[in-house]
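Asker: One structure, pasted below without further comment.
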Amino acid sequence: MKLKSLTIALALAATSASSFAAEKEGFYIGAFGDYYDASWENVRGYEQGGLDVDDSTGWGLELGYRFNDYWSARLEYADMDFDWTARATDGTSVSGSEDGKRYGIDGLYHINGGPFYGIFGLKNLDAVDEDLMFANVGAGYQHYFTDNFAFNAETSLYQGLDRGYTDVGAKLGLSYIFGAQSSAEPVEAAPVAAVVPVAVAPVDSDGDNIPDADDQCANTPMTDAVDGTGCTLYEDREVTKSLLITFPNNTSKVSQKYLDDIDAAVAFLNEHPGKEVLLEGHSSSVGKADYNKWLSKKRADAVAARLVKDGIDKNRIVTVGLGEERLKNPANTAEAHAENRRVEAHVTVIERVKVER
């Protein structure tokens, strides 16, 4: 019953948590709470009516290395506390507990570089005068709530190699991976405004090369081009407002760092109330194409929800999920995958704008 309850808890944790960004590499350490269902009956070496060993609760530590998106390995130590029942030949019994230790090594395969992983390994278990080897297989789930810290939940089946025990265990823990695990987006240098020399003319007060006697628009800004009367020139010009938002792997949550960009897009749309905006969602090429198409649409809808929250009529917004159909960077690298996980929008209008000098 205890193991069934813990298994249900693991399933709920996996379905309620969001996924983490894959692209992890480096050494990591972890600590965990451990539950182990031994169910050993008639342990050898007990001369009276028999000795049964039941479940254990404890804690443990692990040290591992993440080689790439798909593979990692770890060393494990667990401090265990087994319950046991000893039966005497007269039918009486006595219960107690005894410490145990578990050491081992595991290989982990991270499915599609995502949060779910398979486990295979070997363990040595020392408890109640038994020193046994087990082969284990299992499955786990890992959720990174920062670039380096993660929550882990897993369960494994243990098959005895020395004796025919078949045990089940489960772990809940936290881990920390060392090193920088995400690359910063390149920042474009701001364009430098051209320096226009100011003509020195004693009768040209605003410096627009139109003498004051002929200047019908005094004090025009120095950055404006002017006509023959000294007034600012205007022209109809195509103006495009773009929005680019990137996402961690396997998530559609809009990062707080893009709120200023979204505010700027909202202001532009408010200035042009007759324009619609098309939000195009994209994904990297990691994973299944159908799932990526669904995820990219979900990303576009998440950005649309932000625009609606800031006052843009939902009827002015169109969303589409393109999945991996239009990769921005076709390379199979962590940097390329990060560049491809995005939502883009480009709104073009014709504005009457000042002509600059």
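The values are calculated or read from the model by the stated rules, or taken from the named source; none is laboratory data. This is a predicted model, so every value here is computed, not measured. Heads up, the Cβs are rebuilt from the backbone with ideal geometry, glycines too, and the neighbour counts pull from every protein chain shown. Ligands, DNA and RNA are stripped out before the accessible areas are found, and what is left, the full protein with its side chains, is counted by its heavy atoms. Shrake-Rupley method; radii C 1.70, N 1.55, O 1.52, S 1.80 Å.
Asker: I'd like to know if region 331-352 contains one or more residues that are in contact with an Asp or Glu (Cβ under 8 Å, 6 or more places away or on another chain), in a loop (DSSP other than H, G, I, E, B) and surrounded by fewer than 17 Cβ atoms within 10 Å (Cβ to Cβ).
Answerer: Looking for residues that are in contact with an Asp or Glu (Cβ under 8 Å, 6 or more places away or on another chain), in a loop (DSSP other than H, G, I, E, B) and surrounded by fewer than 17 Cβ atoms within 10 Å (Cβ to Cβ), one finds none in region 331-352, hence no.
Asker: Let me ask something else about it. Search region 61-82 for residues that are in contact (Cβ under 8 Å) with a residue 60 or more places away in the chain and under 16 Å from Gly118 (Cβ atoms) and pair each with any residue that is among the β-branched types (Val, Ile, Thr) and not in a strand (DSSP E or B) when their beta-carbon atoms are under 9 Å apart and the residues are at least 6 apart or on different chains.
Answerer: As it stands, the answer is Asp69/Val286, since those pairs meet every condition given.
Asker: Can you name the condition, by its number, that Lys288 falls short on among (1) under 15 Å from Thr246 (Cβ atoms); (2) within 18 Å of the chain's Cα centre (by Cα)?
Answerer: Result: Lys288 fails condition (1) only.
Asker: Let me ask another. Answer yes or no: is there a residue in region 242-256 that is in a helix (DSSP H, G or I), modelled with pLDDT of 85 or more and either out of contact with any Ser or Thr (no Cβ under 9 Å at 6 or more places or on another chain) or not basic (Lys, Arg) (or both).
Answerer: The answer is yes, given that some residue of region 242-256 is in a helix (DSSP H, G or I), modelled with pLDDT of 85 or more and either out of contact with any Ser or Thr (no Cβ under 9 Å at 6 or more places or on another chain) or not basic (Lys, Arg) (or both).
Asker: Looking at Tyr46, Tyr36, which is the one that is assigned to a strand (DSSP E or B) and either at pLDDT 90 or above or over 22 Å from Ala139 (Cβ atoms) (or both)? Give the derivation first.
Answerer: Numbers: Tyr46 fails: assigned to a strand (DSSP E or B).
Among Tyr46, Tyr36, only Tyr36 is assigned to a strand (DSSP E or B) and either at pLDDT 90 or above or over 22 Å from Ala139 (Cβ atoms) (or both).
Asker: Return yes or no: is Lys101 within 18 Å of Ala170 (Cα to Cα), modelled with pLDDT of 70 or more and open to solvent by 20 Å² or more (accessible area, probe 1.4 Å)?
Answerer: Considered against the rule, which asks whether it is within 18 Å of Ala170 (Cα to Cα), modelled with pLDDT of 70 or more and open to solvent by 20 Å² or more (accessible area, probe 1.4 Å), Lys101 comes out as yes.
Asker: May I ask you to say which residue of Gly287, Gly281 is touching a residue at least 12 places away in the same chain (Cβ under 8 Å) and either over 19 Å from Pro115 (Cβ atoms) or of a type in the set (Val, Ile, Thr) (or both)? Can you show your working first?
Answerer: Working: Gly287 fails: either over 19 Å from Pro115 (Cβ atoms) or of a type in the set (Val, Ile, Thr) (or both).
Unique residue meeting the criteria: Gly281.
Asker: So for region 295-310 (the condition being assigned to a loop (DSSP other than H, G, I, E, B) and surrounded by fewer than 13 Cβ atoms within 10 Å (Cβ to Cβ)), does at least one residue qualify? Let's see the steps before the verdict.
Answerer: Looking only at region 295-310, we keep the residues that are assigned to a loop (DSSP other than H, G, I, E, B), and these are 310.
This time we only want the ones that are surrounded by fewer than 13 Cβ atoms within 10 Å (Cβ to Cβ), so: none.
No, that holds for no residue.
Asker: I would also like to ask the following. For region 208-249: of the residues being in contact (Cβ under 8 Å) with a residue 24 or more places away in the chain and among the hydrophobic types (A, V, I, L, M, F, W, C), which is surrounded by the most Cβ atoms within 10 Å (Cβ to Cβ)?
Answerer: In this case the residue turns out to be Phe247.
Asker: Gly274 passes all but one of (1) open to solvent by 70 Å² or more (accessible area, probe 1.4 Å); (2) in contact (Cβ under 8 Å) with a residue 12 or more places away in the chain; (3) small (Gly, Ala, Ser); which number fails?
Answerer: Here Gly274 clears every test but (2).
Asker: Scanning for something of a type outside the set (S, T, N, Q), out of contact with any Gly (no Cβ under 9 Å at 6 or more places or on another chain) and under 18 Å from Gly64 (Cα atoms), does region 148-163 turn up at least one residue? Steps first, please.
Answerer: Taking region 148-163 and keeping what is of a type outside the set (S, T, N, Q), we get 149-151, 153-154, 157-158, 160-163.
Cutting the leftovers down to out of contact with any Gly (no Cβ under 9 Å at 6 or more places or on another chain) gives us 149, 160-163.
From the residues that got through so far, the ones that are under 18 Å from Gly64 (Cα atoms) too are 149.
Yes: region 148-163 contains one or more residues that are of a type outside the set (S, T, N, Q), out of contact with any Gly (no Cβ under 9 Å at 6 or more places or on another chain) and under 18 Å from Gly64 (Cα atoms).
Asker: Same structure, new question: Only residues in region 161-176 that are of a type in the set (Ser, Thr, Tyr) count as the first member; pair them with residues that are part of a strand (DSSP E or B) and open to solvent by 40 Å² or more (accessible area, probe 1.4 Å), Cβ under 7 angstrom, at least 6 apart or cross-chain, and list the lot.
Answerer: Sorted first by the residue in region 161-176, then by its partner, the pairs are Thr166/Gln159; Ser175/Ile29; Tyr176/Ile29; Tyr176/Phe149.
Asker: From (1) more than 22 Å from Glu41 (Cα to Cα); (2) modelled with pLDDT under 95; (3) open to solvent by 30 Å² or more (accessible area, probe 1.4 Å), pick out the condition that doesn't hold for Arg87.
Answerer: (1)
Asker: How many residues does region 279-294 contain that are open to solvent by 60 Å² or more (accessible area, probe 1.4 Å) and in contact with a Ser or Thr (Cβ under 8 Å, 6 or more places away or on another chain)? Walk me through how you get there before you give the answer.
Answerer: Within region 279-294, the subset open to solvent by 60 Å² or more (accessible area, probe 1.4 Å) is 288, 290-291, 293-294.
Add one more test, that the residue is in contact with a Ser or Thr (Cβ under 8 Å, 6 or more places away or on another chain), and what stays is 293.
Going through region 279-294 one residue at a time, the tally reaches 1.
Asker: Ok, one more. Among the residues of region 161-172, write down those that are of a type outside the set (A, V, I, L, M, F, W, C) and open to solvent by less than 10 Å² (accessible area, probe 1.4 Å).
Answerer: Looking only at region 161-172, we keep the residues that are of a type outside the set (A, V, I, L, M, F, W, C), and these are 162-167, 169, 171.
If the condition is that a residue be of a type outside the set (A, V, I, L, M, F, W, C) and open to solvent by less than 10 Å² (accessible area, probe 1.4 Å), then Asp167, Gly169 are the ones that fit.
Asker: Given the conditions (1) closer than 23 Å to Leu61 by Cα; (2) open to solvent by 20 Å² or more (accessible area, probe 1.4 Å), which single one is not true for Ser95?
Answerer: (1) is the only condition that Ser95 fails.
Asker: For region 120-133, does any single residue satisfy the condition of being within 17 Å of Arg74 (Cβ to Cβ), under 15 Å from the mean Cα position of the chain (by Cα) and crowded, with 16+ Cβ neighbours inside 10 Å?
Answerer: Checked against the condition, which is being within 17 Å of Arg74 (Cβ to Cβ), under 15 Å from the mean Cα position of the chain (by Cα) and crowded, with 16+ Cβ neighbours inside 10 Å, region 120-133 yields no hits at all.
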